[in-house]
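What follows is a single structure, written as C-alpha cells, with notes after it.
Values quoted throughout were computed directly from the atomic coordinates according to the rules given, and no laboratory measurement underlies them. If you're wondering where the values come from, they're calculated on a predicted model, not measured in any experiment. Don't worry about glycine lacking a Cβ; one is built from the backbone with ideal geometry, like all the others, and counts go over all protein chains shown.
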Amino acid sequence: MRRFLFVSCLTFFAASPASADITHAIKSSISLTVDGAASQATRLPSTLSVSGSNVTLGTVPKFGSYSAGTALGYTPGEFTITTAGDSFSYTESFLGGDNTPTALSTTVTAGVVPALLTFGSTVVNSGGVAGTLAGTLATDGAMTVTAGGAGTAAVAQVIQELTIK
C-alpha cells in the first residue's frame, strides 16, 4: 500500500502542468531633430557722466532728441572755473547707445530669419539644415539612419524585454 501511495504521488506531481508567465516585447524608435534659429539682442543704453571740482556749470550737458531710427545724441556742457588760480578738475563722458530701431521684430520665412536685429549685445544661433537627414525602421528590426547637415541629430534604438515569472 505504501508503494502504491508513493507511485501515485509521483505520478500526480509529474503530470501536473507547469504555470509560468513569459512576456517578450520589442520596442524600437528613431528620433530626428533639426535645431531652430534663434537670436537674443539686448539694446545698450546711452550714458552720460559729469564730475568736477572748483567748476561752475553754465550749460548742463544733456541727452539729445529721441527719434526712431537714430541714436540718442547729446549736447556737451559748458563750465567756468569758480576760483581763479586754484586747481580744478572737470570730467564729462558720453557713451552713445544703440540706435532706436524702426521695428522691434522680424519675419520668419520657412524657418529662416532673413534679417536679425543687431544691438550692442547680440547672441545668434544659426538654425540646422535637414539636408539628407532620414531614418527608417524595418519590420525585422533593422534601422537605418542617414546623417543630415549642421545642427541636426538622429538617434535610433531597439529595446528588447524578456520577463519570466
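Summary of values
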quantity: Simple spin-label estimate for Leu162 and Ala134 in nanometres, 7 Å along Cα-Cβ; calculated: 3.5
quantity: Rough spin-label spacing in nm, given labels placed 7 Å along Cα→Cβ, for Val123 and Lys27; calculated: 3.4
